[in-house]
Amino acid sequence: MAGLPADDVLAERLRCGDQDAFALLLDGWSGGMLRVARSFVSTEESAAEVVQETWLAVIEGIERFEGRSSLKTWVYRILTNRAKRRGFREHKVVPMSSVDDSGPTVDPSRFRSAGDPFPGHWWDFPPAWPSPEQGLLGGEVRERLNEALAELPERQRLVVVLRDVEGRPYDEVCELLGITAANQRVLLHRARAFLRGKLEKYYLREGEVS
Amino acid sequence: MSPLDCREFVEKVTSYLEGELSTAAEQDFVDHLALCDGCERYLEQMCLTTASLADLPADSISTDARSALLNAFRARRS
């Protein structure tokens, strides 16, 4: 988020009881934190409680922030720990270690088969999407994207939410979810390919492709 | 013809975007990209999907929760 002071300055202001600084973080980060929490727990209410608990832990424990990670990483660590515990209590277990996500991410029937002169190449190119305004998708499409996120398997959703929606760095996501770099890449790829496929289906349905 | 086919290309997109391909594999990827309009489009759409995720509107916590937290901050910190 633009306009936030440096981490050490922020942390010091929080320690000194600067309410404006706290409100700035609260308003800037809570939305993203809710989205992340929701990927771990069963209900909206639980997610909201996890975010609430996290902020209370931040208020209590800001002295323990030593600046070895970014402040946001520190807060997200508290958040994911609490969300995981909560998810576990709600019997919503997200197995982070098993790799059950294998196989191609694009329907194999879209590629030419072994007997063809060009095996493994597209039968038909992916249809072109309407040109987005300002390089991004319109409101309606973003809504579809939001819905598609909810359909992802949990582990894929967690990775793509942290990386692409929240913009958290690679190594932080490995740490927060307790996964290897290779595992993260597989999950991220599958999630992105699934979401791209959903958008393609949406455009085909709307007859907006060429 | 590059040694990479389209079916393989689409599975390497994220590794490419993350900068994790070896020099040789990246060269194969880029070579294929230069020759194949279908894969170029696929890559663009993956990038657009990814960029649009960063642009999704976030929810916010309830106003009650917000004031409760501000109160808690005041009580504990000032």
Rounded FRET efficiency, nearest 0.05, which uses the C-beta distance separating A:Arg68 from B:Asp64 and R0 of 30 Å: 0.30
Residue (of A:Leu26, A:Val75, A:Val36) at the positive-pole extreme of segment A:17-97, dipole from beta-carbon charges: A:Val36
Chain A: most fluctuating residue of A:Gly120, A:Gly197, A:Gly67 per GNM, C-alpha cutoff 10 Å: A:Gly120
Longest exposed-site-free window of chain A, the sites being GluC sites (Glu not before Pro) in a DSSP loop that have at most 15 other C-beta atoms within 10 Å: A:91-205
Mean separation of Cα contacts under 8 Å, 6 or more apart, over the residue count of segment A:7-89: relative contact order %: 38 percent
Trypsin sites (Lys or Arg not before Pro) restricted to segment A:1-70 and DSSP loop, no more than 16 other C-beta within 10 Å: A:Arg68
Accessible surface buried upon A-B contact (total; probe 1.4 Å; Å², nearest 100): 4800 Å²
CD proxy at 222 nm, helix term only [per DSSP H run n ≥ 4: -39500 (n - 2.57); per residue of the protein assembly as shown; nearest 500]: -20000 deg cm²/dmol
Solvent-accessible area per residue for chain A (1.4 angstrom probe, square angstrom): 48 Å²
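The values are calculated or read from the model by the stated rules, or taken from the named source; none is laboratory data. If you're wondering where the values come from, they're calculated on a predicted model, not measured in any experiment. In this analysis, Cβ positions are derived from the backbone assuming ideal geometry, glycine residues included, and neighbour counts consider all displayed protein chains. What goes into the accessible areas is simple: the full protein's heavy atoms, side chains included, and nothing from ligands, DNA or RNA. Shrake-Rupley method; radii C 1.70, N 1.55, O 1.52, S 1.80 Å.
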